[in-house]
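Heads up: the structure comes next, in structure tokens.
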Amino acid sequence: MTNSNPSSRYPLSSVSETHSLHCGYVTLVGRPNAGKSTLFNTLLGQRLSIVTAKPQTTRDRILGILTRPDSQLIFLDTPGLLEPQYKLHESMEHQIQTAVRQADVVLLLIDATRPRDRLQLVQAFLAANTRPLVTVLNKIDLVDTGRVAGLRHLLSSELGLESILPVSALRGDNLDELLSRLITLMPSGPRLYPDDMIAEQPERFFVAELIREAAFNNLENELPYALGVTLDEFREGTDKTYIAAVLHVERQSQKGIVIGRKGVRLREIGIQARREIEAMLERPVYLDLWVKVRRDWRRRQRDLSEFGYHG
């Protein structure tokens, strides 16, 4: 995917071939709902990762590219650190491990509103990590200013970390300082992607993600986690793009909940998803949604592979 509307915050300028560029991969890691996807989107100036209030929204690693005159940072957004309970979780954990192996720098996010959330998982990750590390305390806009210094000291003591940078992915606090730290740690070398490229995944991937985001926003309790999305058809016409998608659930009773009384909930999901897809594709869309039962798909490797989850 190319960038048809580059962020004006970091404008490109001509750089001589002899100019020393810094280029490399930054993998975002943290507990669910630490704000990884929000930070990912804010740094890129593009909404590539879906964001909801529910944890475990991100299921795969997503690549986004920030090109500046002096650097090219390739960010990898990942699922949240967790203890796997079924095959889908194992796939998510595999995506984290794969992204960390690719990383030149690991960017660890800690939620300032829940600084000790499953701290043992973060400690286990840090014990195994061999990559250069930058740690940020995110969501400082949601805590009293006077608490920030104490939280940094607490986490430095408990996790053995130095120089934890307080940031707000939502408000943009200290993101210029964060980028400076990341660029400093990047190896020198040529850009790995064209200047106008912002993402590696195809449009179909992002369309399916936007449909899943709309479902997350319109469903409650555990049901969103039992839902997967596949595209049956993606056809560009002269007037509209036709998209046929299937929302897969694990139980017949879940199918009725997703559809809703007289189809109301499915229509709401479709309305929200179509609006976001049209904004992304910048053209009208006809979205045709279906709901099917795929029993226990989260626990079956064959189903996960068919739905695009590998590992």
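About its Cα centre, the dipole of the range 22-185 is roughly 300 debye, where the only charges are +1 on Lys and Arg Cβ and -1 on Asp and Glu Cβ. Across all directions, the shadow cast by the convex hull of the range 203-306 built on its C-alpha atoms averages 6.4 square nanometres. As a proxy for reagent exposure, ranking Val51, Val106 by other Cβ atoms within 10 Å from fewest up yields Val51, Val106.
Counting only aspartates and glutamates at least 8 places from Lys240 when in the same chain, those with an alpha carbon closer than 19 Å to its own are Glu203, Asp232, Glu276, Glu278, Glu282, Asp288. For Lys36, the lysines whose Cα comes closer than 16 Å to its Cα, not counting residues fewer than 8 places off in the same chain, are Lys54, Lys139. Its alpha carbons give the chain an Rg and a Dmax of 20.2, 64 Å. Note: relative contact order over the chain, using C-alpha pairs below 8 Å and six or more positions apart, is 19 percent. Can you find, among Ile62, Met186, Pro224, the residue sitting farthest towards the positive end of the charge dipole of the chain, where Lys and Arg contribute +1 and Asp and Glu -1 at Cβ? Value computed over the given set: Pro224. Per-residue extension of 0.36 nm, minus the Cα-Cα distance of Asp288 and Glu233, leaves a gain of 18.9 nm for this segment.
Evaluated at q = 0.08, 0.09, 0.16 Å⁻¹, the base-10 log of the normalised Debye intensity for the range 22-185, with identical point scatterers placed on the Cα atoms, takes the values -0.20, -0.26, -0.88. In the range 151-303, Cα pairs under 8 Å separated by at least six residues give a relative contact order of 19 percent. Top mean-square fluctuation among His89, His153, His22, Gaussian network model of the chain, C-alpha springs under 10 Å? Of His89, His153, His22, the Gaussian network model singles out His153 as fluctuating most. The range 30-63 and the range 206-278 have Cα centres lying 19 Å from one another.
Using a simple spin-label model with pseudo-atoms 7 Å out from Cα toward Cβ, Gln252 and Leu126 lie 5.1 nm apart. Among Thr42, Thr130, the order by Cβ neighbours within 10 angstrom, fewest to most, reads Thr130, Thr42.
Here's the picture: charge each Lys and Arg Cβ at +1 and each Asp and Glu Cβ at -1 in the range 22-185, and of Ala53, Thr38, Gln102 the one pushed furthest to the positive end of that dipole is Ala53.
Here the peptides 219-225, 62-68, 143-149 are ranked by packing, the mean other Cβ count within 10 Å, and the order with the highest first is 62-68, 219-225, 143-149. May I ask for the net charge around Glu209, where only other residues with Cβ less than 12 Å from the Cβ of Glu209 are counted and Lys, Arg are +1 while Asp, Glu are -1? Net of charged neighbours comes to -1.
Quick one: if the Förster radius is 30 Å, what FRET efficiency do Glu220 and Glu90 give, using the C-beta to C-beta distance and rounding to 0.05? Efficiency, rounded to the nearest 0.05: 0.70. Partners of Lys262 within straight-line reach, counting lysines whose Cα lies under 22 Å from its Cα and excluding those fewer than 8 residues away in the same chain: Lys292. Computed from point charges on the beta carbon alone (+1 for Lys and Arg, -1 for Asp and Glu), the dipole magnitude for the range 203-306 about its Cα centre is near 540 Debye. Cβ crowding within 10 Å ranks Arg118, Arg47 as Arg118, Arg47, fewest other Cβ atoms first.
Assuming charge only on the beta carbon of Lys and Arg (+1) and of Asp and Glu (-1), the dipole of the chain about its Cα centre is about 1080 debye to the nearest 20.
Since every read-out is calculated from the coordinates, none of them should be taken as a lab result. Small disclaimer: the values here were computed from a predicted structure and weren't measured. Virtual Cβ from ideal backbone geometry, glycine too; neighbours counted across all protein chains shown.
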